[in-house]
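The block underneath contains the structure these notes are about, expressed in C-alpha coordinates.
The values are calculated or read from the model by the stated rules, or taken from the named source; none is laboratory data. Keep in mind it's a predicted model, so treat the numbers as computed, not measured. Cβ sites come from the backbone with ideal geometry, for glycine too, and all protein chains shown count toward neighbours. Only protein heavy atoms, including side chains, enter the accessible area calculation; ligands, DNA and RNA are left aside. Shrake-Rupley method; radii C 1.70, N 1.55, O 1.52, S 1.80 Å.
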Amino acid sequence: MFDATNFQPLLARRYTLEVRQQMAWYWQALTIALALLVGLLISAAILVAAGVPAGELLNEFVILTLFDSQSLRAVLFQAAPLIMVGLAGCLAFRARFWNLGLEGQMIWGAIGATAISLFEVGPPSLRLPLMMLCAVLCGLLWALAPALLKLHLKVNEIISTLMLNYIALNFLLHLVYGSWKDPRDSFPYSPQYRAFERLPELFDGFSVAVLLAMLVALFVLWFTGVSRAGLYLRFVDNSPGVARAVGVPVKRVILGTVLLSGALAGLAGFMVTAGQEGRLTNSFYVGYGFSGILIAFLARNQPIAASVVALLVATLFVAGRSLQVFYQIPFSMVQLIQAILVICVASSEFFIRHRIRRIQGGLG
(Lines give C-alpha, C1' and ligand atoms only; values in the text may rest on other atoms or scores of the structure.)
Protein backbone atom coordinates (compact mmCIF):
# COMPACT_ATOMS: atom_id res chain seq x y z
CA MET A 1 0.00 0.00 0.00
CA PHE A 2 1.17 3.54 -0.74
CA ASP A 3 2.85 5.17 2.29
CA ALA A 4 2.70 8.96 2.11
CA THR A 5 5.18 9.38 4.97
CA ASN A 6 8.01 8.24 2.72
CA PHE A 7 7.34 11.22 0.41
CA GLN A 8 7.20 13.97 3.01
CA PRO A 9 9.09 17.17 2.17
CA LEU A 10 12.60 17.13 3.59
CA LEU A 11 11.96 20.05 5.95
CA ALA A 12 8.82 18.37 7.30
CA ARG A 13 10.69 15.25 8.42
CA ARG A 14 11.80 14.82 12.02
CA TYR A 15 15.05 13.25 13.20
CA THR A 16 16.62 12.41 16.53
CA LEU A 17 20.26 12.05 17.56
CA GLU A 18 21.04 8.82 19.43
CA VAL A 19 24.14 7.53 21.17
CA ARG A 20 25.38 4.30 19.62
CA GLN A 21 25.87 1.41 21.99
CA GLN A 22 28.59 -0.07 19.80
CA MET A 23 29.88 0.10 16.22
CA ALA A 24 31.66 -2.82 14.55
CA TRP A 25 35.38 -2.30 14.07
CA TYR A 26 35.13 -2.48 10.27
CA TRP A 27 32.53 0.29 10.23
CA GLN A 28 34.77 2.35 12.51
CA ALA A 29 37.70 1.78 10.13
CA LEU A 30 35.55 2.78 7.16
CA THR A 31 34.35 5.94 8.94
CA ILE A 32 37.91 6.99 9.78
CA ALA A 33 39.08 6.19 6.24
CA LEU A 34 36.32 8.37 4.78
CA ALA A 35 37.25 11.18 7.18
CA LEU A 36 40.89 10.93 6.08
CA LEU A 37 39.80 10.97 2.45
CA VAL A 38 37.80 14.15 3.05
CA GLY A 39 40.84 15.69 4.77
CA LEU A 40 43.11 14.74 1.88
CA LEU A 41 40.68 16.20 -0.67
CA ILE A 42 40.51 19.48 1.28
CA SER A 43 44.33 19.52 1.53
CA ALA A 44 44.67 18.84 -2.19
CA ALA A 45 42.33 21.74 -2.97
CA ILE A 46 44.40 24.06 -0.76
CA LEU A 47 47.66 22.98 -2.44
CA VAL A 48 46.17 23.50 -5.90
CA ALA A 49 44.99 26.97 -4.84
CA ALA A 50 48.53 27.66 -3.57
CA GLY A 51 49.98 26.96 -7.00
CA VAL A 52 50.77 23.24 -7.12
CA PRO A 53 49.49 21.72 -10.39
CA ALA A 54 46.74 19.20 -9.71
CA GLY A 55 48.39 16.64 -11.97
CA GLU A 56 51.61 16.80 -9.90
CA LEU A 57 50.11 16.01 -6.50
CA LEU A 58 50.17 12.23 -6.97
CA ASN A 59 53.62 12.48 -8.49
CA GLU A 60 55.03 14.55 -5.60
CA PHE A 61 53.42 12.69 -2.69
CA VAL A 62 53.56 9.10 -3.90
CA ILE A 63 55.73 8.36 -6.93
CA LEU A 64 58.72 10.66 -6.31
CA THR A 65 58.58 10.09 -2.54
CA LEU A 66 57.99 6.36 -2.15
CA PHE A 67 59.35 4.92 -5.39
CA ASP A 68 62.61 6.86 -5.47
CA SER A 69 65.31 5.12 -3.41
CA GLN A 70 66.84 8.33 -2.07
CA SER A 71 63.47 9.79 -1.07
CA LEU A 72 62.42 6.47 0.49
CA ARG A 73 65.55 6.48 2.64
CA ALA A 74 64.72 10.05 3.68
CA VAL A 75 61.18 8.97 4.62
CA LEU A 76 62.44 6.08 6.77
CA PHE A 77 65.08 8.30 8.36
CA GLN A 78 62.45 10.92 9.18
CA ALA A 79 60.01 8.28 10.41
CA ALA A 80 62.31 6.90 13.13
CA PRO A 81 61.97 9.82 15.62
CA LEU A 82 58.33 10.27 14.62
CA ILE A 83 57.66 6.65 15.61
CA MET A 84 59.28 7.39 18.99
CA VAL A 85 57.18 10.46 19.75
CA GLY A 86 54.06 8.70 18.42
CA LEU A 87 54.63 5.75 20.73
CA ALA A 88 55.38 8.13 23.61
CA GLY A 89 52.03 9.80 23.02
CA CYS A 90 50.22 6.45 22.77
CA LEU A 91 51.55 5.25 26.11
CA ALA A 92 50.75 8.44 28.01
CA PHE A 93 47.26 8.74 26.52
CA ARG A 94 46.50 5.11 27.38
CA ALA A 95 47.23 6.01 31.00
CA ARG A 96 44.82 8.96 30.67
CA PHE A 97 47.72 11.34 31.06
CA TRP A 98 47.62 14.06 28.40
CA ASN A 99 51.34 14.45 27.83
CA LEU A 100 51.71 17.62 25.77
CA GLY A 101 55.33 17.96 26.89
CA LEU A 102 56.85 15.66 24.25
CA GLU A 103 58.93 18.49 22.81
CA GLY A 104 60.34 19.40 26.22
CA GLN A 105 61.25 15.77 26.89
CA MET A 106 62.87 15.59 23.43
CA ILE A 107 64.89 18.70 24.17
CA TRP A 108 66.20 17.32 27.45
CA GLY A 109 67.02 14.00 25.80
CA ALA A 110 69.10 15.83 23.21
CA ILE A 111 70.75 17.99 25.89
CA GLY A 112 71.71 14.89 27.87
CA ALA A 113 73.19 13.20 24.79
CA THR A 114 75.12 16.34 23.86
CA ALA A 115 76.50 16.68 27.39
CA ILE A 116 78.01 13.19 27.12
CA SER A 117 79.61 14.23 23.82
CA LEU A 118 80.93 17.63 24.95
CA PHE A 119 82.41 16.37 28.21
CA GLU A 120 83.72 13.18 26.57
CA VAL A 121 82.19 10.84 29.12
CA GLY A 122 83.39 7.26 28.70
CA PRO A 123 85.61 5.65 26.06
CA PRO A 124 84.85 6.22 22.36
CA SER A 125 83.56 2.65 21.96
CA LEU A 126 80.87 3.27 24.62
CA ARG A 127 80.14 6.91 23.83
CA LEU A 128 77.09 6.32 21.63
CA PRO A 129 75.34 3.90 24.08
CA LEU A 130 76.07 6.33 26.92
CA MET A 131 74.56 9.20 24.92
CA MET A 132 71.45 7.14 24.26
CA LEU A 133 71.14 6.09 27.91
CA CYS A 134 71.55 9.66 29.14
CA ALA A 135 68.92 10.88 26.64
CA VAL A 136 66.46 8.26 27.91
CA LEU A 137 67.10 9.21 31.55
CA CYS A 138 66.78 12.95 30.89
CA GLY A 139 63.47 12.53 29.04
CA LEU A 140 62.21 10.24 31.81
CA LEU A 141 63.15 12.69 34.57
CA TRP A 142 61.54 15.64 32.75
CA ALA A 143 58.27 13.67 32.63
CA LEU A 144 58.53 12.81 36.33
CA ALA A 145 57.58 16.26 37.68
CA PRO A 146 54.19 16.63 35.92
CA ALA A 147 53.35 13.01 36.71
CA LEU A 148 53.95 13.54 40.43
CA LEU A 149 52.09 16.86 40.36
CA LYS A 150 49.04 15.15 38.86
CA LEU A 151 49.08 12.07 41.08
CA HIS A 152 49.73 13.81 44.41
CA LEU A 153 48.51 17.41 43.98
CA LYS A 154 45.88 16.94 41.22
CA VAL A 155 47.63 19.53 39.02
CA ASN A 156 46.33 19.46 35.44
CA GLU A 157 49.00 17.76 33.34
CA ILE A 158 48.05 19.69 30.19
CA ILE A 159 49.14 22.93 31.84
CA SER A 160 52.21 21.54 33.61
CA THR A 161 53.62 19.71 30.57
CA LEU A 162 53.06 22.71 28.29
CA MET A 163 54.75 25.09 30.73
CA LEU A 164 57.70 22.72 31.11
CA ASN A 165 58.12 22.86 27.33
CA TYR A 166 58.92 26.57 27.61
CA ILE A 167 61.42 25.97 30.40
CA ALA A 168 63.20 23.30 28.35
CA LEU A 169 63.20 25.49 25.24
CA ASN A 170 64.67 28.51 27.01
CA PHE A 171 67.35 26.39 28.65
CA LEU A 172 68.22 24.98 25.22
CA LEU A 173 68.55 28.52 23.84
CA HIS A 174 70.69 29.49 26.83
CA LEU A 175 73.08 26.65 25.98
CA VAL A 176 73.33 27.03 22.20
CA TYR A 177 73.63 30.82 22.37
CA GLY A 178 75.97 30.59 25.35
CA SER A 179 78.50 28.14 26.69
CA TRP A 180 77.71 25.33 24.23
CA LYS A 181 77.87 27.46 21.07
CA ASP A 182 80.31 26.12 18.48
CA PRO A 183 83.41 28.35 18.87
CA ARG A 184 84.21 28.11 15.16
CA ASP A 185 81.23 30.24 14.10
CA SER A 186 78.42 32.32 15.55
CA PHE A 187 75.46 30.09 14.71
CA PRO A 188 73.27 28.78 17.55
CA TYR A 189 74.34 25.15 17.68
CA SER A 190 76.82 22.98 19.56
CA PRO A 191 80.08 21.62 18.16
CA GLN A 192 79.68 18.80 15.65
CA TYR A 193 79.46 15.28 17.08
CA ARG A 194 82.42 13.05 16.32
CA ALA A 195 81.99 10.23 13.83
CA PHE A 196 81.71 7.56 16.56
CA GLU A 197 79.01 9.65 18.27
CA ARG A 198 76.70 9.53 15.25
CA LEU A 199 74.15 6.81 14.53
CA PRO A 200 75.74 4.54 11.90
CA GLU A 201 74.20 3.29 8.69
CA LEU A 202 73.10 -0.32 8.36
CA PHE A 203 73.44 -0.56 4.59
CA ASP A 204 73.05 1.62 1.52
CA GLY A 205 72.10 4.75 3.46
CA PHE A 206 69.60 3.13 5.84
CA SER A 207 70.28 4.41 9.36
CA VAL A 208 70.35 2.19 12.42
CA ALA A 209 67.70 4.58 13.82
CA VAL A 210 65.13 2.80 11.66
CA LEU A 211 66.01 -0.58 13.21
CA LEU A 212 65.98 0.95 16.69
CA ALA A 213 62.52 2.42 16.07
CA MET A 214 61.20 -0.96 14.92
CA LEU A 215 62.60 -2.69 18.02
CA VAL A 216 61.06 -0.09 20.32
CA ALA A 217 57.70 -0.44 18.54
CA LEU A 218 57.80 -4.21 19.11
CA PHE A 219 58.67 -3.63 22.78
CA VAL A 220 55.74 -1.22 23.22
CA LEU A 221 53.46 -3.75 21.48
CA TRP A 222 54.59 -6.43 23.96
CA PHE A 223 54.29 -4.03 26.89
CA THR A 224 50.72 -2.99 26.08
CA GLY A 225 49.43 -6.31 24.78
CA VAL A 226 51.21 -9.11 26.67
CA SER A 227 52.81 -7.89 29.89
CA ARG A 228 51.06 -7.70 33.25
CA ALA A 229 51.68 -3.95 33.32
CA GLY A 230 49.88 -3.72 29.97
CA LEU A 231 46.90 -5.59 31.43
CA TYR A 232 46.77 -3.14 34.32
CA LEU A 233 47.10 -0.28 31.85
CA ARG A 234 44.03 -1.49 29.94
CA PHE A 235 42.07 -1.49 33.21
CA VAL A 236 43.20 2.08 33.94
CA ASP A 237 42.39 3.19 30.40
CA ASN A 238 38.86 1.79 30.54
CA SER A 239 37.96 2.93 34.04
CA PRO A 240 40.43 4.10 36.72
CA GLY A 241 37.73 3.82 39.40
CA VAL A 242 36.94 0.19 38.60
CA ALA A 243 40.66 -0.60 38.30
CA ARG A 244 41.27 0.83 41.76
CA ALA A 245 38.33 -1.13 43.16
CA VAL A 246 39.66 -4.49 41.90
CA GLY A 247 43.12 -3.86 43.34
CA VAL A 248 45.08 -2.47 40.39
CA PRO A 249 47.87 -0.12 41.61
CA VAL A 250 46.55 2.78 39.53
CA LYS A 251 49.06 5.42 40.62
CA ARG A 252 52.05 3.15 40.02
CA VAL A 253 50.73 2.14 36.60
CA ILE A 254 50.19 5.75 35.56
CA LEU A 255 53.57 6.84 36.91
CA GLY A 256 55.48 4.02 35.24
CA THR A 257 53.72 4.53 31.91
CA VAL A 258 54.30 8.29 31.92
CA LEU A 259 57.98 7.79 32.72
CA LEU A 260 58.27 5.34 29.82
CA SER A 261 56.56 7.91 27.60
CA GLY A 262 59.12 10.55 28.62
CA ALA A 263 61.96 8.09 28.04
CA LEU A 264 60.80 7.44 24.47
CA ALA A 265 60.50 11.17 23.79
CA GLY A 266 64.05 11.64 25.10
CA LEU A 267 65.18 8.82 22.81
CA ALA A 268 63.56 10.67 19.90
CA GLY A 269 65.66 13.74 20.77
CA PHE A 270 68.79 11.58 20.68
CA MET A 271 67.77 10.17 17.28
CA VAL A 272 67.38 13.62 15.77
CA THR A 273 70.62 15.05 17.10
CA ALA A 274 72.82 11.95 16.69
CA GLY A 275 71.18 10.90 13.43
CA GLN A 276 69.86 13.81 11.41
CA GLU A 277 71.52 16.96 12.77
CA GLY A 278 74.85 15.66 14.06
CA ARG A 279 74.79 18.29 16.80
CA LEU A 280 72.45 20.13 19.17
CA THR A 281 70.64 22.94 17.32
CA ASN A 282 68.18 25.58 18.47
CA SER A 283 65.22 24.22 16.47
CA PHE A 284 65.75 20.47 16.01
CA TYR A 285 62.55 19.69 17.93
CA VAL A 286 60.14 21.87 15.94
CA GLY A 287 57.00 20.06 14.82
CA TYR A 288 57.68 16.78 16.61
CA GLY A 289 55.47 17.43 19.62
CA PHE A 290 52.36 18.18 17.59
CA SER A 291 53.19 15.31 15.23
CA GLY A 292 53.45 12.88 18.15
CA ILE A 293 50.00 13.88 19.38
CA LEU A 294 48.65 13.62 15.83
CA ILE A 295 50.15 10.15 15.36
CA ALA A 296 48.79 8.84 18.67
CA PHE A 297 45.36 10.31 17.94
CA LEU A 298 45.10 8.90 14.41
CA ALA A 299 46.42 5.51 15.57
CA ARG A 300 43.96 5.42 18.50
CA ASN A 301 46.90 4.67 20.81
CA GLN A 302 47.75 1.40 19.03
CA PRO A 303 51.56 0.86 18.68
CA ILE A 304 51.59 -0.80 15.24
CA ALA A 305 49.09 1.70 13.86
CA ALA A 306 51.23 4.50 15.31
CA SER A 307 54.27 3.21 13.38
CA VAL A 308 52.26 3.18 10.14
CA VAL A 309 50.87 6.68 10.73
CA ALA A 310 54.40 7.91 11.54
CA LEU A 311 55.52 6.65 8.13
CA LEU A 312 52.67 8.57 6.49
CA VAL A 313 53.55 11.74 8.41
CA ALA A 314 57.21 11.31 7.42
CA THR A 315 56.10 11.00 3.80
CA LEU A 316 54.19 14.26 4.22
CA PHE A 317 57.30 15.94 5.67
CA VAL A 318 59.60 14.79 2.86
CA ALA A 319 57.08 15.69 0.15
CA GLY A 320 56.58 19.05 1.87
CA ARG A 321 60.28 19.82 1.57
CA SER A 322 60.08 19.00 -2.12
CA LEU A 323 57.15 21.38 -2.49
CA GLN A 324 59.18 24.07 -0.74
CA VAL A 325 61.99 23.74 -3.28
CA PHE A 326 60.01 23.41 -6.50
CA TYR A 327 56.82 25.36 -5.79
CA GLN A 328 57.89 27.77 -2.98
CA ILE A 329 55.23 26.31 -0.68
CA PRO A 330 56.02 27.22 2.98
CA PHE A 331 56.49 24.42 5.50
CA SER A 332 53.57 25.86 7.45
CA MET A 333 51.40 24.39 4.68
CA VAL A 334 52.47 20.91 5.83
CA GLN A 335 51.42 21.79 9.37
CA LEU A 336 48.10 23.07 8.00
CA ILE A 337 47.52 19.72 6.28
CA GLN A 338 48.25 17.93 9.56
CA ALA A 339 45.71 20.13 11.34
CA ILE A 340 43.07 19.46 8.67
CA LEU A 341 43.57 15.70 9.03
CA VAL A 342 43.24 15.94 12.81
CA ILE A 343 40.01 17.94 12.54
CA CYS A 344 38.52 15.47 10.05
CA VAL A 345 39.41 12.41 12.13
CA ALA A 346 38.15 14.11 15.29
CA SER A 347 34.90 14.83 13.49
CA SER A 348 34.57 11.16 12.52
CA GLU A 349 34.35 10.36 16.24
CA PHE A 350 30.90 11.99 16.24
CA PHE A 351 29.59 9.52 13.64
CA ILE A 352 31.21 6.59 15.45
CA ARG A 353 29.56 7.45 18.75
CA HIS A 354 26.22 8.78 17.44
CA ARG A 355 23.64 8.08 14.78
CA ILE A 356 20.79 10.07 13.29
CA ARG A 357 17.43 8.26 13.20
CA ARG A 358 14.33 9.43 11.44
CA ILE A 359 11.15 9.67 13.54
CA GLN A 360 8.03 8.45 11.81
CA GLY A 361 5.43 11.12 11.29
CA GLY A 362 5.70 14.76 10.32
CA LEU A 363 5.44 17.97 12.22
CA GLY A 364 1.79 17.60 12.48
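For F61, the shell of other residues with beta-carbons less than 13 Å away shows a net charge of -2, using +1 for Lys and Arg and -1 for Asp and Glu. The residues of region 33-129 expose on average 41 square angstrom of accessible surface per residue, using a 1.4 Å probe on protein heavy atoms. Mean separation of Cα pairs under 8 Å and 6 or more residues apart, divided by the residue count, gives the chain a relative contact order of 36 percent.
What is the extension gain from L37 to Y15, computed as 0.36 nm multiplied by their sequence separation minus the C-alpha to C-alpha distance, in nm to one decimal? Stretched out fully, the L37 to Y15 stretch lengthens by 5.2 nm. Note on Y232: accessible area approximately 70 square angstrom, rounded to 10, probe 1.4 Å, nucleic acids and ligands left out. For the listed peptides 112-123, 266-277, a ranking on the average number of other beta carbons within 10 Å per residue, highest first, reads 266-277, 112-123.
Distance between the 7 Å Cα→Cβ label points at V121 and Q70: 3.8 nm.
Its residue count N fixes a reference of 2.2 N^0.38 Å for region 177-235, and the Cα radius of gyration divided by that reference is 1.87. Obtain the radius of gyration and the Kirkwood radius of region 180-275 from its C-alpha atoms and give Rg over Rh. Rg/Rh for region 180-275 comes to 1.19.
Once the Kirkwood radius over Cα pairs is known for the chain, the Stokes-Einstein relation at 4 °C and 1.567 mPa s delivers a diffusion coefficient of 58 µm²/s. When only alpha carbons of region 102-154 are considered, Rg and Dmax amount to 13.3, 45 Å. Please give me the summed charge of the neighbours of W25: other residues whose Cβ is under 15 Å from its Cβ, Lys and Arg +1, Asp and Glu -1. Once positives and negatives cancel, what remains is +2.
Divide the volume of the convex hull around the Cα atoms of region 64-183 by the residue count and you get 157 Å³ per residue. Computed extension length for R300-E56: 84.7 nm, one decimal, from 0.36 nm per residue of separation with the Cα-Cα distance subtracted.
What do you get for Rg/Rh over region 1-133 if you use C-alpha atoms and the Kirkwood form of Rh? Ratio of gyration radius to Kirkwood radius: 1.20.
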